[in-house]
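In what follows, a single structure is set out as structure tokens and then discussed.
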Amino acid sequence: MPKFAANLTLLFNEYPFLERFGAAREAGFDAVEVLFPYDEPAKNIAAAIKEHGLELILFNTPPPNWAGGDRGYAAIPGGQDRFRHDLRRALRYADVLSPRHIHIMAGIAEGDEALSCFIENLKWACAEAPGQSFLIEPLNPHDMPGYFLNSFDLATDVLDATGAENLGLQYDVYHAHKITGDAMAVWQSHGHRARHIQIGRIPDRADPEGGDFDFPAFFRLLDDLSYPGVVSGEYHPAGRTEEGLGWIRGA
């Protein structure tokens, strides 16, 4: 059985943020991730993680004003200073929270200049914090119009061009399906690069049971492959989070 994590930005949002850590532990998780931790002092999050014996798997780098705000700066020409400012802020949080991974978001951009900027910024980040694992993740153009990193082939090109050992791929079943229509084919082509996995039901990103993807079979495949990473539930619960966790209890 893979190791599972709960995304506490989307799951257990019946509770105030700091109470979600205890709710996740009570539901059987021993790892969590957070999209953007920056609205809460890092020491408070660290205390909740320690109190409940959890591991923080991942958080993202863009600024905290996610609702209607920018989707990162890593691929935006002319935004290098803002990218480095945000990356250093993320690293200050990482010093306290010790996340396994930090997801670097590309932002809204296109073209060769954006590609060069993205690679340059990734090289800088990986050299700035060589002991920290960073990830990039393709996001689908339906949910994230204009997002630069919108294909797994492009992600492979970026990883190869960056050439950093501490940079890997984040594979999301929902985004893979929305991008290509065949999430399993994407895994077969690119899964060997994946250091972190996120899941949500296809096609509606709800609780990952049923739908158009065989999650139990996927979990068995990960076991057969001795996948060393974590599978995180990043979805919109149809009801109370605790009522939709059959996907971990039956795995």
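The values are calculated or read from the model by the stated rules, or taken from the named source; none is laboratory data. Given the structure is predicted, the values throughout are model-derived calculations rather than measurements. So basically every Cβ, Gly included, is an ideal-geometry build from the backbone, and we count neighbours across all protein chains shown.
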Which residue pairs have Cβ atoms closer than 7 Å, lie 6 or more positions apart in sequence or on different chains, and pair a first residue in region 90-106 that is part of a loop (DSSP other than H, G, I, E, B) with a second residue that is hydroxyl-bearing (Ser, Thr, Tyr)? Arg100/Ser133; Ile104/Thr61; Met105/Thr61
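Restricting region 129-176 to residues that are β-branched (Val, Ile, Thr) and more than 16 Å from the chain's Cα centre (by Cα), which is nearest to Pro208 (Cα to Cα)?
So in region 129-176, the residues β-branched (Val, Ile, Thr) come out as 136, 156, 158, 162, 173.
Of the ones still in play, those that are also more than 16 Å from the chain's Cα centre (by Cα) are 156, 158, 162.
Working: Thr156: 26, Val158: 29, Thr162: 33 Å.
Residue satisfying both the conditions and the ranking: Thr156.
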For region 167-251, which helices (runs of 4 or more DSSP H) that fit wholly inside it have 2 or more residues that are at pLDDT 95 or above? 173-180, 183-190, 215-224
Pairs under 6 Å by beta carbon, first residue free of Cβ contacts under 8 Å to residues at least 40 places away in the same chain in region 169-195, partner of a type in the set (S, T, N, Q) and part of a helix (DSSP H, G or I), six or more apart or different chains? Val186/Thr180
Failed item, numbered, when Gly78 is tested on (1) in contact with a Cys (Cβ under 9 Å, 6 or more places away or on another chain); (2) in a helix (DSSP H, G or I); (3) surrounded by fewer than 15 Cβ atoms within 10 Å (Cβ to Cβ): (2)
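Please verify whether Pro145 is more than 24 Å from Ala24 (Cα to Cα) and surrounded by fewer than 18 Cβ atoms within 10 Å (Cβ to Cβ), treating the condition exactly as stated.
Working: more than 24 Å from Ala24 (Cα to Cα): yes; surrounded by fewer than 18 Cβ atoms within 10 Å (Cβ to Cβ): yes.
Yes; evaluated as a whole, the condition is true for this residue.
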